[in-house]
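A.B. asks: Below you will find the structure I want to go over with you.
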Amino acid sequence: MESVILQIAARHMRPILIVLSLVVLYRGHNEPGGGFIGGLMLGAAFILYAMAFGVSKTQKSISFSPVTMTALGLLIALLSGVPALFSGSPFMTGEWITLFQHTVVELKLGTPLLFDVGVYLTVAGMLMLVMFSIMED
Amino acid sequence: MILVLPIMLPLLFMVALIFTRRWLAFQQVFSLIASFALTFLSALLLAEVSRKGIMTLQLGGWPAPYGITLVVDLLSAIMLTTTSFVALVVMIYSPGFIDKERQTAGYYPLVFGLLMGVNGAFITGDIFNMYVWYEVMLTSSFVLIALGGSAEQLRGSVKYVTISFVASIFFVSAIGIMYGQAGTLNMADLAYKMRSWEEMPYMNSALMLFFIAFSIKAALFPFFFWLPASYHTPPVAITALFAGTLTKVGIYTMMRFYSLFVVEDVMFWKIFLLVIAGLTMTVGVLMAASQFDIRKILSFHIISQVGYMVMGLVIFTPQAVAAAIYFTVHNMLSKTGTFLAGGLVYQRSGSYDLKYLGGLYKSMPFLALLFFVPAMSLAGIPPLPGFFGKLFLVKGGFAAGDYLITGVAIAVGLFTLFSMVKIWNEAYWKSEPENMPAPSRVSNLTLAASSLLVLAVILLGVFVGPVMKITHEAAVQLTDPLIYIQAVLGKQ
C-alpha cells in the first residue's frame, strides 16, 4: 500500500507532531497534558510514518530502538526520585529550581517534569514497540 | 530510604538488563549478583524491622491518608526475604536450564520486573497501589509464561491471562466500593475508620469481591482450576519461580486484609474461610493423586498447601498465625525445591512423565536426595520444616477448638505423603523402563542451585526455634492490627 498523499502528509506531520508532543509534555504540570499523552503523540508521529513508508524504513530513519527508549524512560523516571534524597526528604518528593524570575513570568523546573519525561519516553517507546511488531508482517 | 530499595533496585536492575540485552553472559552474571544483592537487602530489612518494629515511609513527603505509604512489618520483611532468596536460587538455576533463545528474549529483565511487582505488593500500605503492583507482577508473568511461544505454552497462557483479568476486575470493583464508602484507600486509615465509625455499609460485599480476586491469585477452592492448566507449560525454572512467589502474594494479601479489615461478622468469615480452606486442601491433594506428570502433581499440591496457610490465618490466634507464616516460608522453599528437582529429572531423562521414568536413585543418588528432602518436607516428615509447620498448625487448631479443620489437615497430610512417595517410587525407585533414552548430562549450575535450596530447607527445620520466634512476633503484629494502624497514622 503506497499512497503518495499519505507519504507527503506523514513526512510533514512527523516534525509537527514531535514538536507538539513536547509542548504538551511541558505544559502538563499545571494544564491539560503531560507525559502520557505527549508520549502517545510522539508514538503516533512515528506510527504514521511507518504506515506510509513501512516499518523497516521507519526504524532506519530513527537511530534508536523502541526498547532502548522504553528502558531509558524507566531510568529517567526512577532517577527523578533521587534528587529528593539529597535534601533529606523522602524518595520522590518534588524538588524545584527557579530558572528565571520576573514580575510577570516565572520559569520553574522540577523533578515532576523529569518524571514526566520518563513517562513520555516509556509510553512512546512501548507504543512503537507494540505497533511495529504488529505491523511488521 | 531503605524502604524504597526493594522496589527501586529491581527496576534499576531491569533497566540495566534491557540495555545489555545482547550480552547473554553478562546478563547471567549480573542477574546473579543483583538477586544476591536483593536477598542481602531484604535480610537487612528483616533484621532492622525485628529490632525497631514496623517501619514506614511516606512517599513524596505526602502524609499518611493522602499519599502512598510504604510499610514494612515483620510479615512483609519475612515474605521479602523468602521471595528474594527463591529468586536467587532460580537465577543460579536458569543459565543451565533455560534454552538460549528464551534467555536472550528478555527472560532476565522480566524476572526483575516480576520481583519489582511482588516486592511492591509486599510493602505497600495503599490498596490502589497494591493493585498497581499486582498488575506490574502479572504483566511480567504473562510474558514469562508465554516466553518462547510453544503451542502448549500459548494454550496455558491464554487461560492464565484470561483468569487474571477476571481477578483484576473483581479487585478494582472492590476498591471502587471501598473508596466510595470510606473515602480513603490507605490501608491503615481504612482499618481505623472501619473500627471507629458506627456503620459502614457494603463493606462485606467489598470484602467478598476482594476474597474472590485474591483466591483466584492464590488458587483457592473453587478458583484453582487455572493453575494446573497453565503452570506446567513454561520451562520448570519459571514455574518454580511462580510457585515460590506469585501465588504466595495472594496469601500475603489475604493475611493483611483479614487482619485489618475483617471487623464485622467475624464469625461468618471465619467459618466461610475454614470451609474454603478445608475444601482447598482436600480437592488439591485428591486431584494430585490422579496425575502422572511430575509438574502437574506438584501444581495440584500448590493448591492443597495453600489451604493450610488459610486455615492457620483464620484461626487467628498468634500461635496459629505464626504457624501459618512459618508454613508459608517452608512452602515457598520446599515447593520451589521440588520443582527444581523435577527439572533436574527432566534434564537427565528428557521427560516429566512418571510412566517413562525410573531408576534414577540407582544412577544418580545425589539427584534423588535433592528431590527427597523437599518432598518429604512437603509431606511433613520430621525433622524437616514441613513437619514443624503442620505440627504447630495442628497445635494451634486444637488450642483454638477448631477440631474439624484440624482433623482434615492431618488427613490431607497423609495423602500428600502418598503423592510424594508416588513420585519417589516411580521416578527414582522402580527399575529403569526399557525404552528409556540415553541419559544426558545435568548441568552443574542447576545441581548447585537445587543443593542450595535443599540446604535452606534443612536449615529451616534445624533452626525451627529461632525462626518460629520471629514468625510469632510477626503474628503478634498481625493479630493486633492497632499496632499497624498506629505505626502508619501515628495516632490512637
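A.B. asks: Among (1) under 25 Å from B:M309 (Cβ atoms); (2) open to solvent by less than 20 Å² (accessible area, probe 1.4 Å), where does B:S31 come up short?
C.D. replies: (1)
A.B. asks: How about the stretch B:58-84: which of its residues are touching a Pro at 6+ places or on another chain (Cβ under 7 Å) and open to solvent by less than 30 Å² (accessible area, probe 1.4 Å)?
C.D. replies: Of all residues in the stretch B:58-84, those touching a Pro at 6+ places or on another chain (Cβ under 7 Å) come to B:58-61, B:80.
Result: B:G60, B:L80.
A.B. asks: Could you tell me which of the residues B:F112, B:F122, B:F165 is in a helix (DSSP H, G or I) and either basic (K, R) or open to solvent by 30 Å² or more (accessible area, probe 1.4 Å) (or both)?
C.D. replies: After applying the criteria, what remains is B:F165.
A.B. asks: Give me a count of the residues in the stretch B:34-43 that are surrounded by fewer than 22 Cβ atoms within 10 Å (Cβ to Cβ) and more than 19 Å from A:P90 (Cβ to Cβ).
C.D. replies: Residues flagged as surrounded by fewer than 22 Cβ atoms within 10 Å (Cβ to Cβ) and more than 19 Å from A:P90 (Cβ to Cβ) within the stretch B:34-43 amount to 5.
A.B. asks: Would you tally the residues in the stretch B:11-36 being more than 8 Å from every other protein chain (Cβ to nearest Cβ) and either of a type in the set (A, V, I, L, M, F, W, C) or assigned to a loop (DSSP other than H, G, I, E, B) (or both)? Reasoning before the result, please.
C.D. replies: Residues of the stretch B:11-36 more than 8 Å from every other protein chain (Cβ to nearest Cβ): B:13, B:16-17, B:20, B:22-36.
Now narrow it down to the ones that are either of a type in the set (A, V, I, L, M, F, W, C) or assigned to a loop (DSSP other than H, G, I, E, B) (or both): B:13, B:16-17, B:20, B:22-26, B:29-30, B:32-34, B:36.
Result for the stretch B:11-36: 15.
A.B. asks: So which of B:M8, B:M55 ends up being within 14 Å of chain A (Cβ to nearest Cβ) and either open to solvent by less than 20 Å² (accessible area, probe 1.4 Å) or touching a Gly at 6+ places or on another chain (Cβ under 9 Å) (or both)?
C.D. replies: B:M8
A.B. asks: Of everything in the stretch B:185-226 that's aromatic (F, W, Y) and surrounded by fewer than 17 Cβ atoms within 10 Å (Cβ to Cβ), which residue is farthest from the chain's Cα centre (by Cα)?
C.D. replies: Restricting to residues being aromatic (F, W, Y) and surrounded by fewer than 17 Cβ atoms within 10 Å (Cβ to Cβ), the top hit is B:W197.
A.B. asks: Let me ask something else about it. Residues that are open to solvent by 10 Å² or more (accessible area, probe 1.4 Å) and out of contact with any His (no Cβ under 8 Å at 6 or more places or on another chain): which helices (runs of 4 or more DSSP H) entirely in the stretch B:289-400 hold 3 or more of them?
C.D. replies: Those helices (runs of 4 or more DSSP H) span B:318-349, B:360-363, B:365-379, B:385-400.
A.B. asks: Related question: Which of the residues spanning the stretch A:38-92 are away from chain B (no Cβ under 14 Å), under 26 Å from A:L109 (Cβ atoms) and of a type outside the set (A, V, I, L, M)?
C.D. replies: A:G38, A:G39, A:G43 - these are the residues of the stretch A:38-92 that are away from chain B (no Cβ under 14 Å), under 26 Å from A:L109 (Cβ atoms) and of a type outside the set (A, V, I, L, M).
A.B. asks: For the stretch B:239-267, name all the residues that are under 13 Å from B:T479 (Cα atoms) and not in a helix (DSSP H, G or I).
C.D. replies: Result: B:V262, B:V263.
The values are calculated or read from the model by the stated rules, or taken from the named source; none is laboratory data. No experiment lies behind these values; they were computed from the predicted model shown. Here Cβ is always computed from backbone atoms with ideal geometry, including for glycine, and neighbour counts include all displayed protein chains. Please note that ligands, DNA and RNA were not included when accessible areas were found on the heavy atoms of the full protein model with its side chains. Shrake-Rupley method; radii C 1.70, N 1.55, O 1.52, S 1.80 Å.
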